[in-house]
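The values are calculated or read from the model by the stated rules, or taken from the named source; none is laboratory data. The structure displayed is predicted, hence computed values, not measured ones. Methodologically, a virtual Cβ is constructed for each residue, glycine included, from the backbone with ideal geometry; neighbour enumeration extends over all protein chains shown.
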Amino acid sequence: MSYRVIGFVLLFLSWGAVAQEPATVPAISQSISYVRDIQPIFTEKCVACHACYDSACQLNLGSGEGAARGASKMPVYDGERTQAAPTTRLFYDAFGKRAWQQKDFYSVLDAQGSQAALMARMLELGHKTPLTPNAKLPEEIVLGLNRENMCSLPAEFEGYAGAHPKEGMPLAVTGLTDQQYQTLQRWLASGAPIDEQGLAPSAKEALQIVQWENLLNTPGARQSLVGRWLYEHLYLAHIYFKDGEPGHYFQWVRSRTPSGQPIDLIATRRPNDDPGTQVYYRLWPVQGVIVHKTHITYPLSAAKMARVKSLFYSGNWQVNALPGYGPQSRANPFATFEAIPAQARYQFMLDNAEYFVRTFIRGPVCRGQIATDVIRDNFWALFQAPEHDLYITDPNYRGQATPLLAMPGQNDDVGSVLSLWRNYRDKRNEYEALRRDSYADLPAPSWSTLWAGNDNALLSIFRHFDSASVTKGLIGEVPQTMWLFDYPLLERTYYQLAVNFDVFGNVSHQAQTRLYFDLIRNGAEQNFLRLMPADSREDYLDDWYQNGGQFKMWLDYEAIDDDKPTALKLDEKDPKYDFAMQLLARYGDLNARPDPINRCDGAYCSRPNIDPALQNAEQALSRLTSRPAAGLKVIDQLPEATMLRIETASGKREVYSLLRNRAHSNVAFLLGESLRYQPGLDTLTIYPGVLSSYPNFIFNVPADQVPAFVDAMENAKDANRFEKIVERWGIRRSHPQFWSYFHDLSQYIHETDPVEEGVLDMNRYENL
């Protein structure tokens, strides 16, 4: 396909370099194509562990560029480093094998004298020590995030193999077929040539790319400011076009060159760092295999363009001077983009609320307990209507609030963490006091306070220890907490956890980010409490902040409004539950996802209009939901996110997520999460679909056996009885068909919501 608009000279040069490095390629290699023969094996058997920043030893096998780059001993995730680490983003920070080796990466594809390539030896070690089919793995094999990555250099392999004889590749899972093994070894023996070409847009896509680039690069001060704001809000998105090619995604980048010329990437640490030159916003293809955990999608269309133009490019507002890119600009986007009408900014984020909440809850960083341990395991998110948001409607209030909305993390001096933190905490609390007192002068909040503009208005968040997911609609039982975002809260959360967060940052930067997110969560809870009867708010707060949380409330949080009434008519006995029921009744048409399994309506606990065998299965599964672990002991044995695959006699299958919601006395502290667990109060949510990028386990249950499965779960009072369930229905890592079951989860996403399809991650797949 010809591509007249965006060139990928840098990419092509790098791939050319990779392909040309073996001086002579033996004839045997001609019969093996990287694109046709090798990448599909990597995609099937390797990418589930080797993608994103948490790939073992940074070996990313989602593309030829990643395979040629090789491995590194430097971990990306390190919560204790005192100095920020150099960035090592694939397709961003360097191109071609030699450039990566200058950043301390080492080859896994090159033979070392008479020794075969490191990959060949790792694969051989795995191939000669196969696992016992569907048996539990030996205890000495450490898995998950507790595993210490050895990252052996080629010269260190013998020592590794001697110490870990059962830990070849693929690690602790049913390995390659004999044919796959032979193909890879032949390819490696022939010098591992890579014939990969960069993905290029279709003619239709290229046309739309030009239109969007022209829009964001329109000359003029107003247009430049809007272009910058839009770029900073969309840089994480995997952009797709409504009539584009399936599987084609694009990403906004900053380039030194305008449309029509090859992209010359400006690779700054953050998207709002000083580019040091004139900037052009450009769309380039997302290269490599799409993996679910970083796949945060965003559509572009003619309707979307019309909406953007009406929000940002109309009206007669002016820009007197363009803001800079220094630490102050990064710290306070409200001041930086003050000239753009707040209504436009907030409305754009509301229109796309699911995307924005995904960016910071599901996140692009692949591993985030530093952020996720500040949120509860399941809660609902709602949004304040712009016409009821004082920041939007009252210029005087906005002027008072803006200086108080700055966020920490720009100064990462380790010695100054506490003083920096106190400064930002005090500003935030001054803002919360201003908000509380200003809203107290307004009419009491009512249903019209809530935004209900589209199906992004109601969101469910599920946290699974160090990752989380966001789904449209209200899923699960009525949660312990709900969040109500207004514009200052939504924008701050996005900037603090996405734009300004540096996964390569040091301990000071990461601690400041985490501490401020704690204040953000508290702000969202306070906003919601204003909807509850005044005399119930303190009780709810006491429930959310038990034990040490009481001290935290006194130490760090501003006092809530426990006086001004709500205009909502709610049952005094349980106002939060009544609120949830009225919300579901009132906004049922926006709730894209009715949930009879977790919230039974009378005798019917299954979805209507589905296969009767699945209805019966769902009816049985509902017996496991919304019950505390004190009365359902099996919850103690379950991991965070289990996938349940149910097969009907006709050959159809449905996939359900079985999520363990851990109860906490509070989520207000940086350390010691396990000390705040309340295991007797844990519950299960069961819902159709794949609600995690990181399955911890899979059960495969024929539909007619679901009642027996549920009976066994209800009676599994200890580990031995649970093990019998695993032996009968579980898909262990050693199961002969493990990979077909694992990838069927992605296939299910493809069938139900194809845009969201991506390879799932198995780094957290447990040895049950």
Residues in the stretch 621-628: is at least one within 28 Å of the chain's Cα centre (by Cα), among the hydrophobic types (A, V, I, L, M, F, W, C) and in a helix (DSSP H, G or I)?
yes
Within the stretch 228-263, track down each residue that is of a type in the set (D, E, K, R), in contact with a Lys or Arg (Cβ under 8 Å, 6 or more places away or on another chain) and buried (at least 16 other Cβ atoms within 10 Å of the Cβ).
R254
List the helices (runs of 4 or more DSSP H) that sit entirely inside the stretch 492-602 and contain at least 2 residues that are farther than 22 Å from W451 by Cβ.
507-529, 537-544, 548-556
Residue that is in a loop (DSSP other than H, G, I, E, B), out of contact with any helix residue (DSSP H, G or I) (no Cβ under 7 Å at 6 or more places or on another chain) and surrounded by fewer than 22 Cβ atoms within 10 Å (Cβ to Cβ), where the choices are S740, S674, S692, S734
S734
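I want to confirm something. Restricting to the stretch 113-144 and keeping residues that are part of a helix (DSSP H, G or I) and of a type outside the set (A, V, I, L, M), which single residue is surrounded by the fewest Cβ atoms within 10 Å (Cβ to Cβ)?
Our first condition is that a residue be part of a helix (DSSP H, G or I); within the stretch 113-144, this holds for 118-128, 144.
Add one more test, that the residue is of a type outside the set (A, V, I, L, M), and what stays is 121, 124, 126-128, 144.
Working: R121: 22, E124: 16, G126: 22, H127: 19, K128: 10, G144: 12.
Once the filter is applied, the top-ranked residue is K128.
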Only one residue in F699, F709 is part of a helix (DSSP H, G or I) and crowded, with 18+ Cβ neighbours inside 10 Å, so which one is that?
F709
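When the stretch 366-388 is examined, which residues are found to be among the acidic types (D, E), at pLDDT 85 or above and either closer than 24 Å to L658 by Cβ or touching a Gly at 6+ places or on another chain (Cβ under 6 Å) (or both)?
We begin by selecting, within the stretch 366-388, every residue among the acidic types (D, E); these are 373, 377, 387.
With at pLDDT 85 or above added as a condition, the list becomes 377, 387.
Across the stretch 366-388, the qualifying residue is only D377.
Condition test on V503, is it within 30 Å of P75 (Cβ to Cβ) and not assigned by TED's automatic domain parsing to the domain that holds Y77?
Working: within 30 Å of P75 (Cβ to Cβ): yes; not assigned by TED's automatic domain parsing to the domain that holds Y77: yes.
Spelling it out, V503 is indeed within 30 Å of P75 (Cβ to Cβ) and not assigned by TED's automatic domain parsing to the domain that holds Y77.
Can you tell which of T82, T132 is of a type in the set (V, I, T) and under 32 Å from the mean Cα position of the chain (by Cα)? Full working, then the answer.
Numbers: T132 fails: under 32 Å from the mean Cα position of the chain (by Cα).
Unique residue meeting the criteria: T82.
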Can you tell me which residues in the stretch 742-760 are over 15 Å from I646 (Cβ atoms) and of a type in the set (A, V, I, L, M)?
I749, V755, V759, L760
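Each row is one residue, and each column tells you yes or no for (1) more than 18 Å from L61 (Cα to Cα); (2) at pLDDT 95 or above.
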site: K166; (1), (2): yes, no
site: Q179; (1), (2): yes, yes
site: W187; (1), (2): no, yes
site: L199; (1), (2): no, no
For the stretch 584-627, enumerate the residues that are crowded, with 16+ Cβ neighbours inside 10 Å, in contact with a helix residue (DSSP H, G or I) (Cβ under 7 Å, 6 or more places away or on another chain) and more than 22 Å from M713 (Cβ to Cβ).
N591
Of the conditions (1) of a type in the set (A, V, I, L, M, F, W, C); (2) outside the structural domain of F528 (by TED's automatic domain parsing); (3) out of contact with any strand residue (DSSP E or B) (no Cβ under 6 Å at 6 or more places or on another chain), I392 fails just one. Which one is it?
(2)
Taking the stretch 219-240 and keeping only residues that are closer than 15 Å to R330 by Cβ and part of a helix (DSSP H, G or I), one is left with R228, W229, Y231, E232, H233
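How about the stretch 445-458: which of its residues are farther than 22 Å from L570 by Cα and either in the same structural domain as P695 (by TED's automatic domain parsing) or not polar (S, T, N, Q) (or both)? First the steps, then the outcome.
Applying the first criterion (farther than 22 Å from L570 by Cα) to the stretch 445-458 yields 453-456.
Of everything in the stretch 445-458, those that are farther than 22 Å from L570 by Cα and either in the same structural domain as P695 (by TED's automatic domain parsing) or not polar (S, T, N, Q) (or both) turn out to be G453, D455.
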Residues being in contact with a Ser or Thr (Cβ under 6 Å, 6 or more places away or on another chain) and either surrounded by fewer than 22 Cβ atoms within 10 Å (Cβ to Cβ) or over 21 Å from I749 (Cα atoms) (or both): count how many of those fall in the stretch 629-661.
1
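Within the stretch 201-218, count every residue that is in a loop (DSSP other than H, G, I, E, B) and either among the basic types (K, R) or buried (at least 17 other Cβ atoms within 10 Å of the Cβ) (or both). Don't jump to the end; show me each part of the working.
Let us first name the residues in the stretch 201-218 that are in a loop (DSSP other than H, G, I, E, B), namely 201-202, 217-218.
Retained after the next criterion (residues that are either among the basic types (K, R) or buried (at least 17 other Cβ atoms within 10 Å of the Cβ) (or both)): 201, 217.
Here the count works out to 2.
Please determine whether any residue of the stretch 360-376 is assigned to a strand (DSSP E or B) and surrounded by fewer than 20 Cβ atoms within 10 Å (Cβ to Cβ).
Filtering the stretch 360-376 down to residues assigned to a strand (DSSP E or B) leaves none.
No.
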Those residues that are in a loop (DSSP other than H, G, I, E, B) and either under 30 Å from the mean Cα position of the chain (by Cα) or of a type outside the set (D, E, K, R) (or both), I need them from the stretch 100-112; list them, please.
Q102, K103, D104, F105, S107, V108, L109, A111
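This table checks each residue for (1) surrounded by 17 or more Cβ atoms within 10 Å (Cβ to Cβ); (2) under 27 Å from the mean Cα position of the chain (by Cα).
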position: D412; (1), (2): yes, yes
position: G415; (1), (2): no, no
position: Y439; (1), (2): yes, no
position: S446; (1), (2): no, no
position: W451; (1), (2): yes, yes
Condition (residue is under 24 Å from E232 (Cβ atoms), among the polar types (S, T, N, Q) and surrounded by fewer than 21 Cβ atoms within 10 Å (Cβ to Cβ)) applied to the stretch 378-397: is it met by at least one residue?
no
Can you go through V173, V210, V226 and tell me which one is touching a Cys at 6+ places or on another chain (Cβ under 9 Å) and modelled with pLDDT of 95 or more?
V173
Out of E572, E525, E558, sole residue that is without any contact (Cβ under 8 Å) to a residue 40 or more places away in the chain and either in the same structural domain as Y439 (by TED's automatic domain parsing) or in contact with a helix residue (DSSP H, G or I) (Cβ under 7 Å, 6 or more places away or on another chain) (or both)
E572
Identify, from the list M553, M581, the residue that is aliphatic (A, V, I, L, M), out of contact with any Leu (no Cβ under 9 Å at 6 or more places or on another chain) and either under 20 Å from R376 (Cα atoms) or surrounded by 14 or more Cβ atoms within 10 Å (Cβ to Cβ) (or both).
M581
